[in-house]
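The values are calculated or read from the model by the stated rules, or taken from the named source; none is laboratory data. Everything numeric in this text was worked out from a predicted model, so none of it was measured. A quick note on method: Cβ atoms are made from the backbone with ideal geometry, for glycine too, and the neighbour counts reach across all protein chains shown.
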């Protein structure tokens, strides 16, 4: 199954917020999670991912901090804020409502 970017584009922030509900994380790890969770059917472009981080942080939905790795490059970790948790919950409700409406609109009528 191939998931088009257009279907998921408006939900990038919600996908990131959901992942950060579980634990603080960094860009590569989040992208790897998305790819694994979708069996490789969907992967965020790096520019999309980091634009989303910037937008979410400027909106107060996430915060970031530098990790203290002793080996390899330093990583910037992201964590969800209380406001981010609230926005995630509302986005999830909005998605469920939209999904229900779309299901109704594309269902083939029994005639």
### Query
Within the stretch 5-20, is there a residue that is in contact with a strand residue (DSSP E or B) (Cβ under 6 Å, 6 or more places away or on another chain) and loosely packed, with under 13 Cβ neighbours inside 10 Å?
no
### Message
As an exercise: evaluate residue 35 against (1) closer than 17 Å to residue 7 by Cα; (2) loosely packed, with under 14 Cβ neighbours inside 10 Å and give the number of the one condition it does not meet.
### Response
(2)
### Query
Would a scan of the stretch 81-98 turn up a residue that is closer than 19 Å to residue 8 by Cβ, surrounded by fewer than 11 Cβ atoms within 10 Å (Cβ to Cβ) and more than 18 Å from the chain's Cα centre (by Cα)?
yes
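Against the definition (in a helix (DSSP H, G or I) and at pLDDT 95 or above), how does residue 34 come out, yes or no? Walk me through it before giving the result.
On the way: in a helix (DSSP H, G or I): yes; at pLDDT 95 or above: no.
It is false that residue 34 is in a helix (DSSP H, G or I) and at pLDDT 95 or above.
Which residue out of 67, 72 is at pLDDT below 95 and touching a strand residue (DSSP E or B) at 6+ places or on another chain (Cβ under 7 Å)? Explain how you work it out, then say what you get.
Values: 72 fails: touching a strand residue (DSSP E or B) at 6+ places or on another chain (Cβ under 7 Å).
Answer to the selection: 67.
So how many residues does the stretch 50-64 have that are loosely packed, with under 14 Cβ neighbours inside 10 Å and under 14 Å from residue 20 (Cβ atoms)? Spell out the reasoning first.
To start, the set of residues in the stretch 50-64 that are loosely packed, with under 14 Cβ neighbours inside 10 Å comprises 50-51, 54, 58-60.
Add one more test, that the residue is under 14 Å from residue 20 (Cβ atoms), and what stays is 59-60.
Adding up the residues that qualify gives 2.
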#### Entry: Members of the stretch 64-111 found to be part of a strand (DSSP E or B) and in contact (Cβ under 8 Å) with a residue 12 or more places away in the chain, listed by number
64, 65, 76, 77, 78, 79, 80
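Does residue 50 satisfy the condition of being in contact with a helix residue (DSSP H, G or I) (Cβ under 8 Å, 6 or more places away or on another chain) and assigned to a loop (DSSP other than H, G, I, E, B)? Spell out the reasoning first.
Numbers: in contact with a helix residue (DSSP H, G or I) (Cβ under 8 Å, 6 or more places away or on another chain): yes; assigned to a loop (DSSP other than H, G, I, E, B): no.
No.
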